[in-house]
Amino acid sequence: MTQQVAHCPALFLAAPASGQGKTTITAALARYHRDHGRKVRVFKMGPDYLDPQILEQASGQPVTQLDLWMAGADYCRQQFFLAAKDADLILVEGAMGMFDGEPSSADLAATFGIPIALVMDVKGMAQTAAAVALGLANYRDDVAVIGLIANNCGTERHAQLVRDALDGRMPLLANLARDEEVALPERHLGLVQAEEVADELEQKFNLGKAWLGEQAICELPAPVAFTAQDIAAPEPLLAGKTIAIAKDQAFSFIYSANTRLLEAMGAELVYFSPMHDAQLPPADAMWLPGGYPELHAQALANNQTMRQQIQAFHGAGKAILAECGGFLYCLESLTDLQEDTWPMSAILAGQGAMRGKRGCQGMQAAPLPEGTIRAHAHHRSRSQNTPEPIAHGRRQRHPAPGEAIYREQGLTASYLHLFFPSNPSSIAKVFGA
């Protein structure tokens, strides 16, 4: 049988390090092409919740996180193929430095033959920027770097120095002057949530489009051939079940891939706000995802009615999955960054506390009784006086035990953020299938 192939122009934006301006430039490019009447699909490399919110608003299309370890090559291949059938342009924003991590941004680009545009903050250097760009381009022969985007490029003379040093060996796709009006806002764990600054972001996208001008980076890249991946449709293991999902300013770290899978398995999804709602919607199971409960601890504590309803839901033995911020909400109390302590829902013994800039992050597998689900951790808090865990996460590349996993009646709680498509049948059991 002939394998299906879909062709679509595609570009991977990578950098030598974090903080080079990848998200700002990816968002500006997405808005530029969207405003030129093109359907743009953006993907984000790695387990990121905040950048995709920004990129989704910029492109007007859903943004999916892709990672060769967490999601698997087959899943990534399927997502690219489906996007290529429907889109006029695919953009992929890398993570960290181009070769950082196992797998890295370069690995994802190489696996699917997507050309790379290097994004580099060139402030404080000129010819050295060319040397770094050429070094990255020639470090491996399985990646294709098509040019350099020089960010924070002060003047046309600055750009010319970089261009001359490249000496025709790599195009300078864009030279972008430093502009604080275009830069995206940040907060203690990365970018702010898009819904909090939606109007401000619209202004930044429009400014970003003008910032790009009509430089070479705005031209459509060459089409890439994306092949179909035959992945069986998920079984309707959650048919007839309703899952209540916490979603508000405190809880928003939700992969769209996770909710799509739950719906594909037959679940009806309903959303509620632990901050604002007085009533839980009728449901068979609950998902308390990650987010920023520490920034809204007082509002969560003040909603005593909701805390009591969650206690009753747990007391009825119904399935609850609590991840990171959701896990903190399950504890007896949470101490925020101002060292104020607030009562939480108290369905799991223990106390949570923020710990400033020190944190834990990395890929882990969650060995649950229902099966192993791939996941990641990223938090700057600690918990204490918690029960004996049923298991610990298995780190991707380190033998030390990972995050503790707790099971109390129907509650499964951990700092881990699970990627549901990595094991659909197991996640269905977690939710009571």
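The values are calculated or read from the model by the stated rules, or taken from the named source; none is laboratory data. What you see is a predicted model, and the numbers here were worked out from it, not measured in a lab. Glycine also receives a Cβ, built like all others from the backbone with ideal geometry; neighbour counts cover every protein chain displayed.
Do we find that Gln309 is assigned to a loop (DSSP other than H, G, I, E, B), among the polar types (S, T, N, Q) and either modelled with pLDDT under 95 or in contact with a Leu (Cβ under 6 Å, 6 or more places away or on another chain) (or both) in this structure?
Considered against the rule, which asks whether it is assigned to a loop (DSSP other than H, G, I, E, B), among the polar types (S, T, N, Q) and either modelled with pLDDT under 95 or in contact with a Leu (Cβ under 6 Å, 6 or more places away or on another chain) (or both), Gln309 comes out as no.
Look through region 21-53, keep the residues that are more than 16 Å from the chain's Cα centre (by Cα), assigned to a helix (DSSP H, G or I) and touching a residue at least 40 places away in the same chain (Cβ under 8 Å), and return whichever of them is surrounded by the fewest Cβ atoms within 10 Å (Cβ to Cβ).
The residue in question is Asp35.
Kindly provide the set of residues from region 258-290 that are at pLDDT 95 or above and either of a type in the set (Gly, Ala, Ser) or outside the structural domain of Leu334 (by TED's automatic domain parsing) (or both), ordered by number.
Listed by number, the residues that qualify are Ala264, Gly266, Ala267, Ser273, Ala283, Ala285, Gly290.
Give the number of residues within region 312-342 that are assigned to a strand (DSSP E or B) and at positive phi.
Filtering region 312-342 down to residues assigned to a strand (DSSP E or B) leaves 319-323, 333-335, 341-342.
Now narrow it down to the ones that are at positive phi: none.
Summing the residues that are assigned to a strand (DSSP E or B) and at positive phi in region 312-342 gives 0.
Looking only at region 269-294, count every residue that is assigned to a loop (DSSP other than H, G, I, E, B) and under 20 Å from the mean Cα position of the chain (by Cα) and tell me the total.
Adding up the residues that qualify gives 2.
Only one of these conditions is not met by Phe431: (1) surrounded by fewer than 16 Cβ atoms within 10 Å (Cβ to Cβ); (2) closer than 21 Å to Lys318 by Cβ. Which number is it?
Tallying (1) surrounded by fewer than 16 Cβ atoms within 10 Å (Cβ to Cβ); (2) closer than 21 Å to Lys318 by Cβ, Phe431 fails exactly one: (1).
Could you check region 58-133 for strands (runs of 3 or more DSSP E) lying wholly inside it with 3 or more residues that are within 30 Å of Leu166 (Cβ to Cβ), assigned by TED's automatic domain parsing to the domain that holds Ala177 and touching a Gly at 6+ places or on another chain (Cβ under 9 Å)?
Where strands (runs of 3 or more DSSP E) fall fully within region 58-133 and carry at least 3 residues being within 30 Å of Leu166 (Cβ to Cβ), assigned by TED's automatic domain parsing to the domain that holds Ala177 and touching a Gly at 6+ places or on another chain (Cβ under 9 Å), they are 116-121.
Given the residues Phe253, Phe313, which is the only one that is more than 25 Å from the chain's Cα centre (by Cα) and among the hydrophobic types (A, V, I, L, M, F, W, C)? Give the steps one after another, and end with the answer.
Details: Phe253 fails: more than 25 Å from the chain's Cα centre (by Cα).
Just one listed residue meets the conditions, Phe313.
Residue-by-condition table, conditions (1) within 22 Å of Tyr139 (Cβ to Cβ); (2) outside the structural domain of Leu207 (by TED's automatic domain parsing); (3) at pLDDT 95 or above:
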position	(1), (2), (3)
Ala10	yes, no, yes
Ala15	yes, no, yes
Val42	no, no, yes
Glu56	no, no, no
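Could you identify the single residue in Val182, Val197 that is out of contact with any strand residue (DSSP E or B) (no Cβ under 8 Å at 6 or more places or on another chain), part of a loop (DSSP other than H, G, I, E, B), outside the structural domain of Asp248 (by TED's automatic domain parsing) and at pLDDT below 95? Working first, answer last.
Details: Val197 fails: part of a loop (DSSP other than H, G, I, E, B).
The match here is Val182.
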